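Beneath this line is the structure, given in C-alpha cells, with notes to follow.
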Amino acid sequence: MEYDTNYHQVCSTRTVQSDKKGFFNEFYVDVKDACGDKWLQNYFGKLKSNAARILSIFSDREVCDPVLGVLEHVQPVYKQKDVLLSSQRRAQADKFYLMSCSSEIPDERKELLQQALGHANLAVMRAPGPQVDTAIDNGLSLAMAYRTRATILITMGEGEAALSDLKLATNFGLETKESVDYYCKMAKAYAVMGEKARAEISLKIAEKLAGADSALIAACRKEVAAAQHAKPERAQHKEAVVPALTHGENPALSGAANVVKLVDTKEKGRFVVANEGIKTGDVVLCENPVAACLLPSFFGTNCHHCFKRLRTPVACLHCSGIAFCSAQCMGEACESYHRFECQFMDLFIGSGMSILCFIALRVFTQASSLDDGLTTANLLFEHLCSHQDERQADDHLQRSLMAGFLMRVLQKAQYFGRRKTEGVNPTAVELQVATALLGLLQVLQYNAHEIYHTMVTDEHCFEGCRVIYLGAGLYGTGSYFNHECCPSVAGYYVGKKLVLAATKPHRPNETVAVNYGPIFTKMNLKERQRSLRGRYAFSCNCMTCQENWPLLQKIDKQVRFWCTSANCVNLLRFPKDLAKDVRCPRCRKNISLKESVVRLIKVEEQYREAAEAMQAQKTNEAIDLFKEAIDAFFQIAALPHKDTLIAQQSLLKCLADTGSTFKK
C-alpha cells in the first residue's frame, strides 16, 4: 500500500496542535514563513539531534527573532477568583435552600436542592483563599461557602460530603470553638451517616455551648432524630475495584503480571509476550501512568488530579479554572505540578496545544526535582519509539517551537528558580529541559493512551452505556504492548490506572496484543493500514491482516476447528456432513469433528447465559461465564467466529463496569 504522506502529516500535526484556532498555529506559521523553505529543508531538516534543533530555534538568525519576539510576551493567563461573585452565588444557594425547606412537593424540593447545590459549588470555586480579600465577608468567603454547602448536603442526605465541607470551613478560618451552629451541623452530618455515638457527642458539645438556650438544642435534637431515618437524595455509587495481577507482579516489568515478559527482536523491537499459559480474564497489567492529564473540556466536571467525577468540587486556592474531588487531591496537586501550571491554564487552552503537550509538561512539573524530571524524560526517550530520524523538517520545527513555548512557561513559573533576567534566552539547564520536552513530544505521539471512564444510565449499567474519553496518559510498561487488529487483551481504567485483561487464552511466548484504534470488526483492511501508517508509522502484518478477515457483520457462520490429531495445528472447515470424517491435509489423518461441534454448541449456550446475566446486571457472574466459555472455544476452534467476538466485546463491557463508571 502507498504511503500517504499528507495524511501522516495531518495526523502528526494534531498530536501537537489540537485546535487550529489557537495562537500556537499562527506562531508556527509565522516562524516557518520567516525562515523560508530553503533554510528549513537544507539546514534545519538535516540537524541530527534534538539538542541541535532546540539550540537552533533560539540562536540561528533565520528564526531566533520571531521566536524570541513571541516567547518574551508569555504571561500568566488564568481564571482568577471573584469574591463578589462568590458571595452572590452563596446568597443564591441560601435562597434556593430556604425555598426547598418550605416546599412540600418531593420532586420540587429535590430540584430546588440541586439548584442550591449548583450555586454553592460556584461559590466555593470563585471564593479566594482566607484573608486574601477582606472587603467582603472579612476574608472568610471560602469558609462560608463551604459551610453553606454543608447545610445543603446534610438536607440531601450526604453526610460524609457535608462533614468534609465543615472541616474545610474550619481549615479556612471559620470559628468553631464557641459555635453552637457548627456542632449542630456536625451532629446532623453524623446522624445522616448513621454514626449515632458521634452525633450524640457533637450534640452534647452544642448543648454545653448553648447554655440556657434549651429550645435551640431541642430543635436540633429533633432534626438529628429525623436525619437518622432520612434516605439520601442520591443513590450511592459503587466504587471501582483495582484488580490483582495474575500470579503477582513481574519484578522485571513494573505494573505487569508474572504471566507476561518483555522480549526484544530485530523485526518488532521490544514487545510483551506470554511468559506462561494465560487464561481468559487474567489481569496482565495494572499500571499507574508516568504522567496523565485531563482534557480541558472536563475541567469543570472531573477531578484534575484523580479524574473522578465531581459532585462537590474542592477549589484551588489561587485559580478558578480547575477543581478537585477532595482536599487530599487538591493538596497533592498543589504541592507538586499545579503550583507551576496554575496561572497558565487558560494560556495553554488558548494556545490550542494538544493533550500530549500537557503530558510532556507534566513530566517535569510533577517531578520531585528538575534533575528527576530530566532523568524520567531522557529514559522515556531512550526506551520508547519516537521515529526521530524519519520525521519531516516542518514536523521537527513545529515540535521544537512547542518545546520552546513550554520551556518559556516553566521560566515564567519560576520552575528554574528566580532568573536574573526576564529575557527568553535559555541557560544551559533550560536548554536541556527544552530538549527533553522535544523528545517527549516525539515519544508521546506513538505511546500515549487515551483514558476513558464508562458513563452508565440510572436504569441499567450496560444498556445505553457509553465510553467517555477524559484525558490521556503515558504508561511505561503499557507502551510495550504491540498492536494487532484483533487484540488479545482489553483495556479499561480505574481512575487513571490502566488495567489490561486477557480476552483469550495465550500459549507461552505468544504475543499479548492491544489495539491502537483500527479494529477489524469495524474497519476494513485498507482503512486500517492507512490509519496505522498515518498515525503510528507502521504497516500491520497480524494474522487478521494476512487473512483479511471480514467486518463483524459480514462474518458467516462457518467455524474453523482445530485438528484433533496430536501435535497437529491445522484448521479444518465445518463439515458438511457430521457423520463423515474430515481429511486433514497436514497430518493426513481422517478426523471426526463430532465432539468439537458438541463442545461448540455448549460454548454458545454459555455465551447466552452470560448475556442473560448481563441483562440482569449480574456483572461478576457474567464475567465468570464469558471467561469459561471463551477459554473452551479456543480449545476447539479459532477466530474469526462471530459469537466469540461478540462475547469478547461483552466481556470488556463487564470488566469496564468493575472499573471507573459514572452517571450522567
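The values are calculated or read from the model by the stated rules, or taken from the named source; none is laboratory data. Just so it is clear, the model here is predicted, and its values are computed rather than measured. Note that we place each Cβ from the backbone using ideal geometry, even for glycine, and neighbour counts take in every protein chain shown.
Name the pairs: first residue in the stretch 568-581 and in the same structural domain as Pro640 (by TED's automatic domain parsing), second residue not in a loop (DSSP other than H, G, I, E, B) and not hydrophobic (A, V, I, L, M, F, W, C), Cβ to Cβ under 8 Å, at least 6 apart or on different chains?
Final answer for the pair search is Leu571/Arg560; Leu572/Arg560; Arg573/Arg560; Phe574/Arg560; Leu578/Lys594; Asp581/Asn590.
This table checks each residue for (1) over 23 Å from the mean Cα position of the chain (by Cα); (2) outside any helix (DSSP H, G or I); (3) farther than 28 Å from Leu639 by Cβ.
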| position | (1), (2), (3) |
| --- | --- |
| Val424 | yes, yes, yes |
| Gly439 | no, no, yes |
| Val467 | no, yes, no |
| Val499 | no, yes, no |
| Asn509 | yes, yes, no |
| Ile519 | no, yes, no |
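Can you spot a residue in the stretch 455-469 that is surrounded by fewer than 20 Cβ atoms within 10 Å (Cβ to Cβ), touching a His at 6+ places or on another chain (Cβ under 7 Å) and either assigned by TED's automatic domain parsing to the domain that holds Ser336 or not charged (D, E, K, R) (or both)?
Taking every residue of the stretch 455-469 in turn, at least one turns out to be surrounded by fewer than 20 Cβ atoms within 10 Å (Cβ to Cβ), touching a His at 6+ places or on another chain (Cβ under 7 Å) and either assigned by TED's automatic domain parsing to the domain that holds Ser336 or not charged (D, E, K, R) (or both).
Only residues that are among the hydrophobic types (A, V, I, L, M, F, W, C), touching a helix residue (DSSP H, G or I) at 6+ places or on another chain (Cβ under 7 Å) and buried (at least 20 other Cβ atoms within 10 Å of the Cβ): list them for the stretch 233-283, please.
Of everything in the stretch 233-283, just one residue is among the hydrophobic types (A, V, I, L, M, F, W, C), touching a helix residue (DSSP H, G or I) at 6+ places or on another chain (Cβ under 7 Å) and buried (at least 20 other Cβ atoms within 10 Å of the Cβ), namely Val272.
If you scan the stretch 470-480, which residues turn out to be over 15 Å from Lys664 (Cβ atoms) and within 18 Å of the chain's Cα centre (by Cα)?
Scanning the stretch 470-480 gives Gly471, Ala472, Gly473, Leu474, Tyr475, Gly476, Thr477, Gly478, Ser479.
So Cys101 clears everything in (1) among the hydrophobic types (A, V, I, L, M, F, W, C); (2) surrounded by fewer than 17 Cβ atoms within 10 Å (Cβ to Cβ); (3) out of contact with any helix residue (DSSP H, G or I) (no Cβ under 8 Å at 6 or more places or on another chain) except one condition, right? Which one?
Status for Cys101: all satisfied but (3).
Suppose the filter is buried (at least 22 other Cβ atoms within 10 Å of the Cβ) and in contact with a Lys or Arg (Cβ under 8 Å, 6 or more places away or on another chain); does Val124 pass it?
yes
Among the listed residues Ala116, Ala162, Ala191, which satisfies the condition of being in a helix (DSSP H, G or I) and closer than 23 Å to Cys329 by Cβ?
Selected residue: Ala162, the only one of Ala116, Ala162, Ala191 that is in a helix (DSSP H, G or I) and closer than 23 Å to Cys329 by Cβ.
Among the residues of the stretch 122-152, which ones are of a type in the set (Gly, Ala, Ser) and part of a helix (DSSP H, G or I)?
The answer is Ala123, Gly139, Ser141, Ala143, Ala145, Ala150.
State the number of residues belonging to the stretch 491-539 that are within 23 Å of Val260 (Cα to Cα), of a type in the set (Gly, Ala, Ser) and either at pLDDT 95 or above or not assigned by TED's automatic domain parsing to the domain that holds Arg270 (or both).
Within the stretch 491-539, residues that are within 23 Å of Val260 (Cα to Cα), of a type in the set (Gly, Ala, Ser) and either at pLDDT 95 or above or not assigned by TED's automatic domain parsing to the domain that holds Arg270 (or both) number 4.
For Leu168, all conditions in the list (1) at pLDDT 95 or above; (2) closer than 17 Å to Leu85 by Cβ hold save one; what is the number of the exception?
It is condition (2) that Leu168 fails.
Between a first residue in the stretch 616-627 that is small (Gly, Ala, Ser) and a second residue that is surrounded by fewer than 23 Cβ atoms within 10 Å (Cβ to Cβ), which pairs have beta carbons less than 6 Å apart while being 6 or more apart in sequence or on different chains?
Between residues of the stretch 616-627 that are small (Gly, Ala, Ser) and residues that are surrounded by fewer than 23 Cβ atoms within 10 Å (Cβ to Cβ), the close pairs are Ala622/Ala613.
Determine whether the stretch 405-421 contains at least one residue that is within 14 Å of Gly439 (Cβ to Cβ) and in contact (Cβ under 8 Å) with a residue 24 or more places away in the chain.
Yes, some residue in the stretch 405-421 is within 14 Å of Gly439 (Cβ to Cβ) and in contact (Cβ under 8 Å) with a residue 24 or more places away in the chain.
For the stretch 359-390, which residues satisfy the criterion of being closer than 29 Å to Val263 by Cα and hydroxyl-bearing (Ser, Thr, Tyr)?
Residues satisfying the conditions are Thr375, Thr376, Ser386.
Within the stretch 599-620, track down each residue that is closer than 11 Å to Leu651 by Cα and out of contact with any Lys or Arg (no Cβ under 8 Å at 6 or more places or on another chain).
Tyr607, Ala610, Ala611, Thr619, Asn620, listed by residue number.
Which one of these is of a type outside the set (Val, Ile, Thr), at negative phi and either in contact with a strand residue (DSSP E or B) (Cβ under 7 Å, 6 or more places away or on another chain) or modelled with pLDDT under 95 (or both): Cys303, Cys316, Cys357, Cys342?
Exactly one of Cys303, Cys316, Cys357, Cys342 is of a type outside the set (Val, Ile, Thr), at negative phi and either in contact with a strand residue (DSSP E or B) (Cβ under 7 Å, 6 or more places away or on another chain) or modelled with pLDDT under 95 (or both), namely Cys303.
Can you tell me which residue within the stretch 264-287, out of those that are part of a strand (DSSP E or B), of a type outside the set (A, V, I, L, M, F, W, C) and more than 25 Å from His453 (Cα to Cα), is nearest to the chain's Cα centre (by Cα)?
Among them, the one singled out is Arg270.
Output the residue which, of all residues in the stretch 163-197 that are farther than 13 Å from Arg221 by Cα and small (Gly, Ala, Ser), is surrounded by the fewest Cβ atoms within 10 Å (Cβ to Cβ).
Ala197
Among the residues of the stretch 20-77 satisfying the criterion of being closer than 25 Å to Ile349 by Cα and small (Gly, Ala, Ser), which is surrounded by the fewest Cβ atoms within 10 Å (Cβ to Cβ)?
Looking at the filtered set, the residue picked out is Gly69.
Would you call Ile152 among the aliphatic types (A, V, I, L, M), closer than 21 Å to Cys325 by Cα and not assigned by TED's automatic domain parsing to the domain that holds Thr301?
It is true that Ile152 is among the aliphatic types (A, V, I, L, M), closer than 21 Å to Cys325 by Cα and not assigned by TED's automatic domain parsing to the domain that holds Thr301.
Test each condition in (1) in contact with a helix residue (DSSP H, G or I) (Cβ under 8 Å, 6 or more places away or on another chain); (2) under 24 Å from Ile57 (Cα atoms) for Phe462 and report the one that comes out false.
Of (1) in contact with a helix residue (DSSP H, G or I) (Cβ under 8 Å, 6 or more places away or on another chain); (2) under 24 Å from Ile57 (Cα atoms), only one is false for Phe462: (2).
Go through the residues of the stretch 120-129 one by one and say whether even a single one is more than 21 Å from Leu166 (Cβ to Cβ), assigned by TED's automatic domain parsing to the domain that holds Leu140 and free of Cβ contacts under 8 Å to residues at least 40 places away in the same chain.
no
Name the helices (runs of 4 or more DSSP H) wholly within the stretch 288-391 that hold at least 3 residues that are buried (at least 20 other Cβ atoms within 10 Å of the Cβ)?
Where helices (runs of 4 or more DSSP H) fall fully within the stretch 288-391 and carry at least 3 residues being buried (at least 20 other Cβ atoms within 10 Å of the Cβ), they are 345-351, 355-365, 370-383.
Every residue in the stretch 446-465 that is part of a loop (DSSP other than H, G, I, E, B), on the phi < 0 side of the Ramachandran plot and of a type outside the set (D, E, K, R), please.
Hits for the stretch 446-465 are Thr457, His460, Cys461, Phe462, Cys465.
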